[in-house]
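The values are calculated or read from the model by the stated rules, or taken from the named source; none is laboratory data. Model, not experiment: these values are computed from the prediction. Using ideal geometry, Cβ is built from the backbone for each residue, glycine included, and neighbour counts are taken over all protein chains shown. Areas reflect the complete protein model, heavy atoms only, side chains present, ligands, DNA and RNA absent. Shrake-Rupley method; radii C 1.70, N 1.55, O 1.52, S 1.80 Å.
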Amino acid sequence: MSMYKPLAVAAATLALGACATVPQPLQGQFNDVTTVSAQQGGAPGAKVRWGGEIIKTEPGPQQTCFFVLSQPLDDEARPTASKSESQGRFVACRDGFYDPEVFTRGREITVTGTLHGAVSQKVGDFDYAYPRVEADVVYLWPKRVPINRYPPGFYDPFWGPGWGPGWGPYGYGPWGDPFWYRPRTVIIRPAPPPRAR
């Protein structure tokens, strides 16, 4: 029995190490309020933790306001990278100056703060009511770095068309096109020189 104890401790340690952790400034208890319900006037004064992609950053005399395309947060409280999961828009304002050249369009932020009414701005010709967050924390995430899982020029001859690395299920590529529309990668190597007799 004593032999299994160290193995159980090691397994538990590895499992805890693999868990995602929320950055310390973003930790806490928050109300489960969506941008949609807040836009309709729900839960004024609620503490929220929202995030998404910056649309624009507007410094003012006292505060800087961040207009954000809202996205769901993952286990680390980071916005998910899919625009198709957008949950509307919101504006977060915090005292002080935040440089728009750092907090640029497309960067990901997570904010914590208190809901405080709404701000109306035009989106095209549409008057959009942005739920307003008086922010305690504005957390700018580092830029995502694309990961190349395969070295340059990698080709596996055992993967057939439609099922190679990076292909989706049912023979569809990552852009949704059927595999027969995409040419196979073929590497041509020069023939070896003839052997002397």
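Being of a type in the set (D, E, K, R), touching a residue at least 24 places away in the same chain (Cβ under 8 Å), under 16 Å from SER70 (Cβ atoms) and open to solvent by less than 60 Å² (accessible area, probe 1.4 Å) is a property that GLU134 lacks.
Go over the candidates GLU101, GLU108, GLU58, GLU53 one by one and state the one that is acidic (Asp, Glu), under 14 Å from the mean Cα position of the chain (by Cα), open to solvent by 30 Å² or more (accessible area, probe 1.4 Å) and at negative phi.
So the residue among GLU101, GLU108, GLU58, GLU53 that is acidic (Asp, Glu), under 14 Å from the mean Cα position of the chain (by Cα), open to solvent by 30 Å² or more (accessible area, probe 1.4 Å) and at negative phi is GLU53.
Out of region 73-94, which residues are aliphatic (A, V, I, L, M), open to solvent by less than 30 Å² (accessible area, probe 1.4 Å) and not in a loop (DSSP other than H, G, I, E, B)? Across region 73-94, the qualifying residues are VAL91, ALA92.
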